[in-house]
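Below you'll find the structure, written out as structure tokens, and then a few comments.
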Amino acid sequence: MKKIVSLSVFVCLNFFVNAQYKKIYSYGDYHKDWALVKTDSGNYGLIDQNKKQIVAPIYSKIGKFGEIHPDLAVVKSITGLYGLINKSGNLVTPAEYDKIEAFGKIHSDLTVVKSVTGLYGLINGKGEQITRPVYLKIGKFGEIKKDLALVENYTHGFGMINTDGKEIMPTTYTLNEIKAKYR
């Protein structure tokens with residue numbers, strides 16, 4: 001009798017946990033021992049093998065770890081904005097950007113983010129914003145000078161930032177003045 005009661009409780013609990021999700025995807029596809037889940041409303045989250053919620057199902061899309069950075073995955077909010085989660089399932093970059101580029105395009109441990117206003121900033125490999133999105137363009141680090149990137153502001157002034165995201169040369173110069181200074 002105890003076995004029947006225990007089995008019934010297990011089946012009911014398993015049904016209840018699985019009933020809150022429309023679909024549970026394969027474990028390990030997004031992160032080791034985690035599965036992507038989809039709710040009836042079409043939102044996505046992540047659970048572990050014990051069905052414990054790791055990432056709440058509040059996103060319209062969750063990318064795989066390693067697509068843009070080995071330790072981070074892109075999430076898309078239901079409002080259409082992007083952020084980043086880490087391998088603990090924590091939101092490390094708020095979902096407030098129109099676009100998040102892959103790491104390594106401008107620097108090995110930095111990426112460009114585009115704000116809803118169309119301006120660009122930088123995020124480091126921990127998902128921390130190191131440069132607010134205030135630039136029309138951010139160049140590749142090392143193109144003009146080692147560990148520096150050319151930036152252009154909305155008034156079309158040029159300057160330079162370092163890999164910490166600090167503006168080391170204000171955006172008050174012309175492009176020719178910058179090039180002349182670093183030749």
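Each residue in the range 29-65 was checked for being at positive phi and of a type in the set (Lys, Arg), and 1 pass. Could you give me the residue pairs with C-beta distances under 6 Å whose first residue belongs to the range 64-91 and is under 21 Å from LYS105 (Cβ atoms) and in a strand (DSSP E or B), whose second residue is at pLDDT 95 or above and basic (Lys, Arg) wherever it lies, and which are 6+ apart or on separate chains? Hits for this filter: LYS76/LYS61; TYR82/LYS76. Among residues of the range 154-181 that are assigned to a strand (DSSP E or B) and of a type in the set (Asp, Glu), those with a beta-carbon under 7 Å from a residue that is crowded, with 19+ Cβ neighbours inside 10 Å and modelled with pLDDT of 95 or more at least six positions away or on a different chain give the pairs GLU167/GLY159; GLU167/ILE161. Per the conditions (1) part of a strand (DSSP E or B); (2) among the basic types (Lys, Arg); (3) closer than 22 Å to LYS61 by Cα, the sole criterion not satisfied by ARG132 is (3).
ILE144 passes every criterion in (1) of a type in the set (A, V, I, L, M); (2) surrounded by 14 or more Cβ atoms within 10 Å (Cβ to Cβ); (3) modelled with pLDDT of 95 or more apart from (3). Kindly indicate whether any position in the range 124-132 is of a type in the set (A, V, I, L, M, F, W, C) and free of Cβ contacts under 8 Å to residues at least 24 places away in the same chain. No: the range 124-132 contains no residue that is of a type in the set (A, V, I, L, M, F, W, C) and free of Cβ contacts under 8 Å to residues at least 24 places away in the same chain.
The values are calculated or read from the model by the stated rules, or taken from the named source; none is laboratory data. This is a predicted model, so every value here is computed, not measured. Note: ideal-geometry Cβ built from the backbone for every residue, glycine included; neighbour counts use all protein chains shown.
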